[in-house]
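Every number here is computed from the coordinates shown, using simple stated rules; none is lab data. The structure displayed is predicted, hence computed values, not measured ones. Reconstructed Cβ throughout: ideal geometry from the backbone, glycine too, with neighbour counts over all protein chains shown.
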Amino acid sequence: MTLAADVKIDCLGLFCPMPILKTREAMKGLHAGQVLEMTSDDPASEPDVRSWSAKTGHELLEVDRDGAVYRFLIRKTR
């Protein structure tokens, strides 16, 4: 089952730290419980998103990879 994202951001072509900065900005506009989908082709984005989610307490629901493109689903917790 694929979760539906409330907001989607496209970070393709952006490199560290831009995907995380854009993710952080997008999360500010969400309410607790809403889900953000972020796509990125930066190989560093997977460890970055995992680390950022752990630090901020937001829930990393899903990490998918299709070729060079990662898709992250992150639920805002607070």
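Could you list which residues have their amide H under 5 Å from that of Ile9, counting only those 5 or more apart in sequence or on another chain, with H placed in the peptide plane?
Close amide H contacts, sequence-distant or interchain: Glu37, Met38, Thr39.
Once each part is reduced to its C-alpha centroid, what is the distance from the stretch 12-32 to the stretch 34-54 in angstrom?
Centre-to-centre (Cα) distance: 8 Å.
Connecting C-alpha atoms closer than 10 Å in a GNM of the chain, tell me which of Met38, Met27, Met18 has the biggest fluctuation.
Its mean-square fluctuation being the largest, the pick is Met18.
Which residues in the stretch 37-78 place their backbone N less than 14 Å from a point set 7 Å from the Cα of Met18 along the Cα-to-Cβ direction?
Only 39-45 pass the distance filter.
Which number comes out as Rg/Rh for the chain once both Rg and the Kirkwood Rh are worked out on C-alpha atoms?
On the way: Rg = 11.1 Å, Rh = 12.1 Å.
A ratio of 0.92.
With an 8 Å cut-off on Cα pairs and a minimum separation of 6 or more residues, tell me the relative contact order of the stretch 7-75 in percent.
35
When the dipole is taken about the Cα centre of the chain, and only Lys, Arg (+1) and Asp, Glu (-1) are charged at their Cβ, what size is it in debye, to the nearest 20?
Approximately 400 debye in magnitude.
Considering the chain as a Gaussian network with a 10 Å cut-off on Cα pairs, which listed residue, Leu60, Leu21, Leu30, attains the greatest mean-square fluctuation?
The residue that fluctuates most here is Leu21.
Report the gain in length on full extension from Val69 to Thr56: 0.36 nm times residue separation, minus Cα-Cα distance, nm rounded to one decimal.
Details: separation 13, 0.36 × 13 = 4.68 nm, distance 2.35 nm.
Working it through step by step, the gained length comes to 2.3 nm.
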